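Everything on this sheet refers to the single structure shown next.
The values are calculated or read from the model by the stated rules, or taken from the named source; none is laboratory data. Just so it is clear, the model here is predicted, and its values are computed rather than measured. Glycine also receives a Cβ, built like all others from the backbone with ideal geometry; neighbour counts cover every protein chain displayed.
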Amino acid sequence: MNTRKRKIIDVSLQLFTEKGFHHTSVQDIIEHASISKGTFYNYFSSKNECFLAILEQLRYTTQLQRYELLANHDEQDIHILIEQIIVPMKLRQEQNLMTLFEGIFQSSDLELKKGLRQHRFQEIQWLTERLINVFGEEIRPYAFECALIFFGITHYLAMAWRSAYHVPADLYQLVQKGLEYVQALLPTMQQTNATLLGVDAFQRIQNKTTQPVTTKENVIEQLTGFIKQLEAKTNATGHELAAFLIEELSKDSWRKHVINASLQSFRTAFKSTTHEAEAIELSYKITFLLKN
């Protein structure tokens, strides 16, 4: 991603969380990013697109951290599942996104609400599959409804806790309790063999939820563009690692363990730089390719 585009996204996020989405204008973004109006519209058709780009970056960061938590662990370990569920909750807290998200859901902007709804459905889809991983294939007919119940329970528990104690609930305890309630419901659901929303509903929503296609070719193309933005002298290690990843991904047979071992160093090389967000995005896409 072009560094100017990344700067626009970063500035937009800062302004959206400080002033609110609807109180931030394109002109505000232009002035804080020190760019021209033409430069802004070269990358985004509207500030709505900036918000959707922020959601996409949040998804990349979330999924990458989830992959790393599961690496070399039993996929049925419920403690790993709890840590994975917590990841986006922590990110939303760290980036002050909760108020921003709530404001958009209360607005009349259908495009934004659709983007945020799709983001949430992606979370539900992910949890549906992870519940099946943890509790077994036999719960598949009930997994989608269980995922919905889990998010409903934890949302209102967190809201009530904040109202009662004026501090956020402990995330680990919150998620653990939500999963305990789901586990308690599962035997009844299996006994009655009845759900309001089953596999058919899950598939219908999957069909409506679009996700960017990740291929070896477009990842190599993005890595190549990424290298062109770098100054080899100022970040020789990062430049070398990016070139190495291109070389490895271009081979007919991938050395997955070698690529995986390089990704952490790759991200570290760009930590706290203007290229950090794209290094995370590329790491997620490469990890996705290796697992599929």
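Screening the candidates 160, 143 for the property of being among the small types (Gly, Ala, Ser), in contact with a Leu (Cβ under 7 Å, 6 or more places away or on another chain), within 21 Å of residue 185 (Cβ to Cβ) and at pLDDT 85 or above yields one hit, 143.
Listed by first and then second residue, the pairs with beta-carbon distance under 9 Å, at least 6 apart or on different chains, first residue in the stretch 94-123 and closer than 14 Å to residue 19 by Cα, second part of a loop (DSSP other than H, G, I, E, B), are 99/20; 100/20; 100/21; 103/20; 103/21; 103/22; 104/21; 104/22. Per this entry, residue 58 is counted among residues that are in contact (Cβ under 8 Å) with a residue 60 or more places away in the chain and within 21 Å of residue 22 (Cα to Cα). Cβ separations smaller than 6 Å between residues 6+ apart or across chains give the following pairs from the stretch 259-278 residues that are outside any helix (DSSP H, G or I) to residues that are surrounded by fewer than 19 Cβ atoms within 10 Å (Cβ to Cβ) and β-branched (Val, Ile, Thr): 274/3. When the residues of the stretch 221-258 are filtered to those that are in a helix (DSSP H, G or I) and aromatic (Phe, Trp, Tyr), the one that is farthest from residue 291 (Cα to Cα) is 226.
Going by the structure shown, is residue 154 crowded, with 18+ Cβ neighbours inside 10 Å and touching a residue at least 60 places away in the same chain (Cβ under 8 Å)? No. Only a single criterion out of (1) of a type in the set (Val, Ile, Thr); (2) at pLDDT 90 or above; (3) in contact with a Phe, Trp or Tyr (Cβ under 8 Å, 6 or more places away or on another chain) is not satisfied by residue 258, namely (3).
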